[in-house]
Amino acid sequence: MSYFKIETRNVSLYYGNTQALKNITLGVPENKVVAIIGPSGCGKSTYLRLFNRMNDMIDGVRVEGEVLLNGKNIYADGVRVEDVRKRVGMVFQKPNPFPKSIFENVAYGLRINGVTNKRYIEETVERALRQAALWDEVKDNLKKSALALSGGQQQRLCIARALAVEPSVILMDEPSSALDPISNAKIEELIWELKKKYTILIVTHNMQQAARVSDWTAFFYLGELIEYAETKDLFTNPRNEKTQNYITGRFG
Amino acid sequence: MTHLDSELNRLKGEIEEMGNLVRHQLRKSVQALVHMRKDLAREVLFQERRINATELKIDRDCENIMALFNPVAIDLRLVFAAFKINSHLERMGDHSKGIASYALELQRPLPEDLLEKLELFAAVDQLEQMIESNIMAFRDGDSAKARKIFQSDGQLDAWNRKAIQIVIDYFPQHPDRVADLLNVNSTVRKLERIGDLNKNIAEEIIFYVEAHVLKHEKEKI
């Protein structure tokens, strides 16, 4: 059994002839939040998407090395993408609720997995909305369209939708970059709460956010993992000059 | 240069200004005592208000940089170091003020033979050099220069022990000058304390440049 909940070992990823990730070895311990920072195009989103096999959908993508979930390679023969995604939820930069009711958005994952028990679905929807800190705001309007919610509420709804299928890992790709400061603060509080039960990997451009929410931080540059350290160390005393230049805003 | 860089440079400039003020106060206060120049002593007391005002200004600037720029890594350490160096310098100012107030208490000049033996100005020269070196080391981010302060402080400690003994030996023959001699003794101790504060500043500079904490360590390497 691996010490890490999710990890990559010597992973390289190519888009055709272009190498986007260079031999990345990195692990996320269970119930920890790991932030990935780095300039645009450094490979951080590509890296995140390894863990729910989102890169599979892009033509010409080739992955080398091992991507492990609970110590098992999720790129091995016979592993079904659906099974991976059930265990690895994802939240995107822009809230993307379905044009359905609030309730149906959260119930969606259960329904496509064949769950029909009405009571179970109701309980799960409530639990997920509570975990996403949205229940109190929507409990009287569950039939309302999700698209009528504010941006911050939509994003928490998407988190609830991801939580409903009980994943063990949550991937977040810039989850609050499109939100106002109050909504952003709520998402960050939520991440802090969620890590008690989940393992979270988050990509962010907001360095202060990385500093606030994560236990460990990885700095990526040009497809390479430059530095991976405890967040408090990386932001007070980075070992690598490139990291120092990036986090202090003196890059290039 | 980034906006943050220019703010940090301004902060360094303010520390330099504070250091120079403190340096002048130190020399002036000892001159006031040795030559019984009460006018100089009053100047020191007056200037002390300027030092306090500068201290508050630097504190406020540190606070603003933290709030507005959220500095990290070496920038964060620089602001922390400036914040503490500021307070060490202010303490030096307080000691100079104390020496100046002894000068105001004098009813007649201190005995010349005692002053000759004490070599107070040799200590002042060395302290001024330490302050100046520290200011330059902080400005240039030069931790090697800061480390040299520890040696200077060792020399100053040796002078301090010798000077205290000289004052003690002087007591029995001059019972009429007990009050003045006690003040001279305190002056020697204050100068020694200023040396220690310089050592503290050097530690802050090393922390800023190398992220290495020397505080409370016996071996300063």
Legend entry - Criterion: in a loop (DSSP other than H, G, I, E, B), within 28 Å of residue B:42 (Cβ to Cβ) and not hydroxyl-bearing (Ser, Thr, Tyr) - qualifying residue of B:104, B:214, B:127, B:110: B:110
Inset, instruction - Spot the failing condition for residue A:251; the list is (1) free of Cβ contacts under 8 Å to residues at least 40 places away in the same chain; (2) in contact with a Pro (Cβ under 7 Å, 6 or more places away or on another chain); (3) of a type outside the set (A, V, I, L, M), and only one is missed. - result: (1)
Legend entry - Search result, residues across segment A:216-242 that are assigned to a loop (DSSP other than H, G, I, E, B) and away from chain B (no Cβ under 14 Å): A:222, A:223
Inset, instruction - Would you be able to tell me the number of residues in segment A:1-12 that are surrounded by 14 or more Cβ atoms within 10 Å (Cβ to Cβ) and free of Cβ contacts under 8 Å to residues at least 60 places away in the same chain? - result: 3
Inset, instruction - Inspect all residues belonging to segment A:98-106 and state whether any of them is among the hydroxyl-bearing types (Ser, Thr, Tyr) and either assigned to a loop (DSSP other than H, G, I, E, B) or closer than 20 Å to residue A:216 by Cα (or both). - result: no
Inset, instruction - Just need a number here: residues in segment A:85-127 that are among the charged types (D, E, K, R) and within 19 Å of the chain's Cα centre (by Cα). - result: 4
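Checking the structure you have, find out if any residue of segment B:78-88 is within 20 Å of residue B:135 (Cβ to Cβ), within 14 Å of chain A (Cβ to nearest Cβ), touching a Gly at 6+ places or on another chain (Cβ under 9 Å) and not small (Gly, Ala, Ser). So that I can check it myself, show each step before the final result.
Residues of segment B:78-88 within 20 Å of residue B:135 (Cβ to Cβ): B:78-88.
Add one more test, that the residue is within 14 Å of chain A (Cβ to nearest Cβ), and what stays is B:78-81.
After this cut, where a residue has to be touching a Gly at 6+ places or on another chain (Cβ under 9 Å) as well, the list is B:78.
Adding the requirement that they be not small (Gly, Ala, Ser) leaves B:78.
Yes: one or more hits.
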Inset, instruction - State whether one or more residues within segment B:67-82 are within 18 Å of the chain's Cα centre (by Cα), over 16 Å from residue B:28 (Cα atoms) and of a type in the set (Phe, Trp, Tyr). - result: no
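Mind checking whether some residue in segment A:169-185 is part of a loop (DSSP other than H, G, I, E, B) and within 14 Å of another protein chain (Cβ to nearest Cβ)? Let's see the steps before the verdict.
Quick first cut of segment A:169-185, residues part of a loop (DSSP other than H, G, I, E, B) only: A:174-180.
Checking which are within 14 Å of another protein chain (Cβ to nearest Cβ) leaves us with none.
No, segment A:169-185 contains no residue that is part of a loop (DSSP other than H, G, I, E, B) and within 14 Å of another protein chain (Cβ to nearest Cβ).
Condition check ((1) surrounded by fewer than 20 Cβ atoms within 10 Å (Cβ to Cβ); (2) away from chain A (no Cβ under 14 Å)) across all residues:
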site	(1), (2)
B:7	yes, no
B:18	no, yes
B:23	no, yes
B:32	no, yes
B:37	yes, yes
B:45	yes, yes
B:56	yes, yes
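Can you find even one residue in segment B:46-60 that is in contact with a Cys (Cβ under 8 Å, 6 or more places away or on another chain) and either more than 30 Å from residue B:112 (Cα to Cα) or part of a helix (DSSP H, G or I) (or both)? Please lay out each step first, then the result.
First pass over segment B:46-60, keeping only residues in contact with a Cys (Cβ under 8 Å, 6 or more places away or on another chain): none.
No, because not a single residue in segment B:46-60 is in contact with a Cys (Cβ under 8 Å, 6 or more places away or on another chain) and either more than 30 Å from residue B:112 (Cα to Cα) or part of a helix (DSSP H, G or I) (or both).
Going by the conditions given, is residue A:122 in a strand (DSSP E or B) and without any contact (Cβ under 8 Å) to a residue 60 or more places away in the chain? Full working, then the answer.
Details: in a strand (DSSP E or B): no; without any contact (Cβ under 8 Å) to a residue 60 or more places away in the chain: yes.
Here the answer is no, as residue A:122 does not meet what is asked.
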Legend entry - segment A:57-83 residues that are over 16 Å from residue A:168 (Cβ atoms) and surrounded by 15 or more Cβ atoms within 10 Å (Cβ to Cβ), paired with ones that are at pLDDT 95 or above and among the small types (Gly, Ala, Ser) (beta carbon under 8 Å, 6 or more apart): A:63/A:12; A:65/A:12
Inset, instruction - Tell me, please, whether a residue that is among the aromatic types (Phe, Trp, Tyr), in a helix (DSSP H, G or I) and either modelled with pLDDT of 95 or more or at positive phi (or both) can be found in segment B:137-157. - result: yes
Inset, instruction - Return a yes/no flag: does segment A:243-250 have any residue that is among the charged types (D, E, K, R), surrounded by fewer than 20 Cβ atoms within 10 Å (Cβ to Cβ) and facing another protein chain (nearest Cβ under 10 Å). - result: yes
Inset, instruction - Could you run through segment B:87-106 and say how many residues are closer than 26 Å to residue B:15 by Cβ and of a type in the set (Asp, Glu)? - result: 2
Inset, instruction - Name every residue in segment A:186-215 that is assigned to a loop (DSSP other than H, G, I, E, B), surrounded by fewer than 23 Cβ atoms within 10 Å (Cβ to Cβ) and either small (Gly, Ala, Ser) or within 14 Å of chain B (Cβ to nearest Cβ) (or both), in order of residue number. - result: A:206
Legend entry - Search result, residues across segment A:125-138 that are out of contact with any Lys or Arg (no Cβ under 9 Å at 6 or more places or on another chain) and either outside any helix (DSSP H, G or I) or crowded, with 18+ Cβ neighbours inside 10 Å (or both): A:125
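The values are calculated or read from the model by the stated rules, or taken from the named source; none is laboratory data. Everything numeric here is computed off the predicted structure, so don't read it as measured data. When we count neighbours, we look across all protein chains shown, and the Cβ atoms used for this are built from the backbone with ideal geometry, even at glycine.
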